[in-house]
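To keep things clear, I will list the structure first and then write my remarks on it.
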Amino acid sequence: QVQLVESGGGLAQAGGSLRLSCVASGSIFRLNAMGWYRQAPGKQRELVAAITSGGNTNYTDSVKGRFTISRTNAKNTVYLQMNSLKPEDTAVYYCYRFRGPGTDDYWGQGTQVTVSS
């Protein structure tokens, strides 16, 4: 059974930073691309950042230059470093494991990020 457990959310002031972590268990972590989604109240869930098994990354335009996704395969962990936070970054952030050959996709339970102005 695959589990994704996020941590690191909380309250930050505009211009501040937070670092989200997601630990994966129950799978061979290094084989799958990983991502972070977010969902603000009344909005659709959107992909914020993704990282392939080989370390290639991509970001939604609104976070480019401010957020950095990374992974440490030895620790089965993916991170999202969020700098220069804005109130519009307020959302529940979800860790996501992309579907791969012979594997399903999985979601974490989500962690709340709130940015005050």
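Values as computed for the structure displayed
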| item | result |
| --- | --- |
| Two-decimal Rg/Rh across the chain, once Rg and the Kirkwood Rh are taken from alpha-carbon atoms | 0.96 |
| FRET E, pair residue 31, residue 116, Förster distance 41 Å, beta-carbon r, rounded to 0.05 | 0.60 |
| From phi via Karplus (6.51, -1.76, 1.60), per-residue ³J(HN,Hα) for the range 45-53 in Hz, x at Gly/Pro | 5, 10, 7, 8, 7, 9, 9, 7, 4 |
| Inter-site label distance for residue 60 and residue 75 at 7 Å from Cα along Cβ, in nm | 2.6 |
| Additional length obtainable on full extension of the chain from residue 107 to residue 23, 0.36 nm per residue less Cα span | 29.1 nm |
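Coordinate-derived values only; no laboratory data. Worth saying up front: this structure is predicted, and the values here are computed from it rather than measured. Cβ: placed from backbone, ideal geometry, glycine included. Neighbour counts: every protein chain shown.
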